[in-house]
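For reference, the structure is listed below as structure tokens.
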Amino acid sequence: MSDISENGERVVIVQLDLGRDDIPEAVEEISLLSESAGVAVCSVVQGKRQFPDPATFAGKGKLEEIAAEVAAHEASLVIFNHELSPAQERNLEKALQCRVIDRTTLILDIFAQRAQSAEGKLQVELAQLEHLSTRLVRGWTHLERQKGGIGLRGPGETQLETDRRLLADRVKLLKERLTRLERQRMVQRKARTRNDILNISLVGYTNAGKSTLFNRLTRAGAYVADQLFATLDTTSRRLWLGEAGNVVISDTVGFIRNLPHTLVAAFHSTLEVVSQADLLLHVVDSSSEARASQITEVEKVLGEIGAGDVRCLVVLNKLDLSGLPPALERDEYDRISRVRVSARTGEGIPLLREAFSEIASEKRHGSQLSAPGLGIF
């Protein structure tokens, strides 16, 4: 899959209203995603439809508007903040005379740019190939003709069949490699469990400030940027809490609405650190107007990866932007449920460490770390 950011391309974004009530947030998010991929957003085309057009998703009139914007801004790429079928993608490219990608392809491209570890790169490649496999359906007519390739295909095989076979072989190999890495991680996790160490995983909507908080707590120096999906590879560090001993904190990839299923599946082994944690630190951008829907989206992904029953401590981050004071809140059972902090300035961090110490003590004394509801604020 090509890297759409290599030349700082000029792009036109398309966002259609198909009955959603959060269109402004959706437009802001796809714009941030595009900028995170390194492209220049020069225009956003919006419209309203009851349902997508089967051929072009947008319909004839809207297609003419998009084409006009492409010409006016000399754009070389159009990004739909929707899921396009292979046929719709082809029809759009033919009509607009430029490349067209959908939301899933954009997110996959960002992941390909961000992956640093060997495992992260394997996971991204697996997700890309599985997404590509859905595109190898009747569409690539130039691959359907018999060709006399030497050493590439069996007797009577078309190029399309060869591509499918080679792709399936590569997917199988990647899955085997990731399974081996997953087994290694399970051994390491069992060793930590035997030591009775509290395992904490940071989760949250992308760009909520997880890595900044991780660095503030552990001084790990994890990569931080005002971008979506700045962190892909899971990083774990020990944190000493005095009398409460050590805890292990892991920083993980951020979640986002409509996260492609191919990514969730490919990152299963990495996200397993979340489902196996004793405590989830759900970092929320308290200054975001979309925080309630972002909490809902994170809860949805946690359920998908089998982490819905893990105890969750909500961290309302970015107090320096929201103006809220630092605080530690408890639920009706007198258990700590929320902490308000600013990872950037350090406000409220002592309260968060206090919460860790109390929960680590509960684990040591055999208390059940079950999951209370997150709640909306």
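The values are calculated or read from the model by the stated rules, or taken from the named source; none is laboratory data. No experiment lies behind these values; they were computed from the predicted model shown. Neighbour counts are summed over all protein chains in view; Cβ atoms, including those assigned to glycine, are modelled from backbone coordinates with ideal geometry. Accessible surface is based on the protein model in full, side chains and every heavy atom, while ligands, DNA and RNA are left aside. Shrake-Rupley method; radii C 1.70, N 1.55, O 1.52, S 1.80 Å.
From the set of residues in the stretch 70-83 that are of a type outside the set (D, E, K, R) and in contact with a Ser or Thr (Cβ under 8 Å, 6 or more places away or on another chain), which is surrounded by the fewest Cβ atoms within 10 Å (Cβ to Cβ)? Even if it seems obvious, please write down each step before you answer.
Just the residues of the stretch 70-83 that are of a type outside the set (D, E, K, R), to begin with: 70-73, 75-82.
If we keep only those that are in contact with a Ser or Thr (Cβ under 8 Å, 6 or more places away or on another chain) too, we end up with 72-73, 75, 79.
Values: Ala72: 11, His73: 15, Ala75: 24, Ile79: 28.
Selected residue: Ala72.
List the residue pairs whose Cβ atoms are under 9 Å apart, where the first residue sits in the stretch 273-289 and is within 20 Å of Gly120 (Cα to Cα) and of a type in the set (S, T, N, Q), the second is at pLDDT 90 or above and buried (at least 19 other Cβ atoms within 10 Å of the Cβ), and the two are 6 or more positions apart or on different chains.
As it stands, the answer is Ser275/Ser201; Ser275/Val310; Gln276/Ser201; Gln276/Val310, since those pairs meet every condition given.
State all residues of the stretch 124-136 that are at pLDDT below 80 and open to solvent by less than 20 Å² (accessible area, probe 1.4 Å); if no residue qualifies, say none.
Correct list: Leu136 only.
Considering only residues that are part of a loop (DSSP other than H, G, I, E, B) and modelled with pLDDT of 85 or more, look in the stretch 2-37 and name the one that is most open to solvent (accessible area, probe 1.4 Å).
Leu18
How many of the residues making up the stretch 38-69 are assigned to a helix (DSSP H, G or I) and either among the small types (Gly, Ala, Ser) or open to solvent by 20 Å² or more (accessible area, probe 1.4 Å) (or both)?
Summing the residues that are assigned to a helix (DSSP H, G or I) and either among the small types (Gly, Ala, Ser) or open to solvent by 20 Å² or more (accessible area, probe 1.4 Å) (or both) in the stretch 38-69 gives 9.
Just one of (1) at pLDDT 50 or above; (2) under 33 Å from the mean Cα position of the chain (by Cα); (3) open to solvent by less than 40 Å² (accessible area, probe 1.4 Å); (4) of a type outside the set (Ser, Thr, Tyr) trips up Gly139, so point out which.
All conditions are met except number (1).
Which pairs turn up if I take residues in the stretch 352-363 that are under 16 Å from His282 (Cα atoms) and in a helix (DSSP H, G or I) and look for partners that are charged (D, E, K, R) and open to solvent by less than 10 Å² (accessible area, probe 1.4 Å) with beta carbon separation below 8 Å, at least 6 apart in sequence or on another chain?
Correct list of pairs: Ile359/Arg311.
Give me the pairs, please: first residue somewhere in the stretch 59-78 and within 13 Å of Leu92 (Cα to Cα) and of a type in the set (A, V, I, L, M, F, W, C), second residue anywhere and exposed (fewer than 15 other Cβ atoms within 10 Å of the Cβ) and at pLDDT below 95, beta-carbon distance under 9 Å, and either six or more positions apart or on two chains.
Ala67/Gln97; Val70/Gln97; Val78/Glu93
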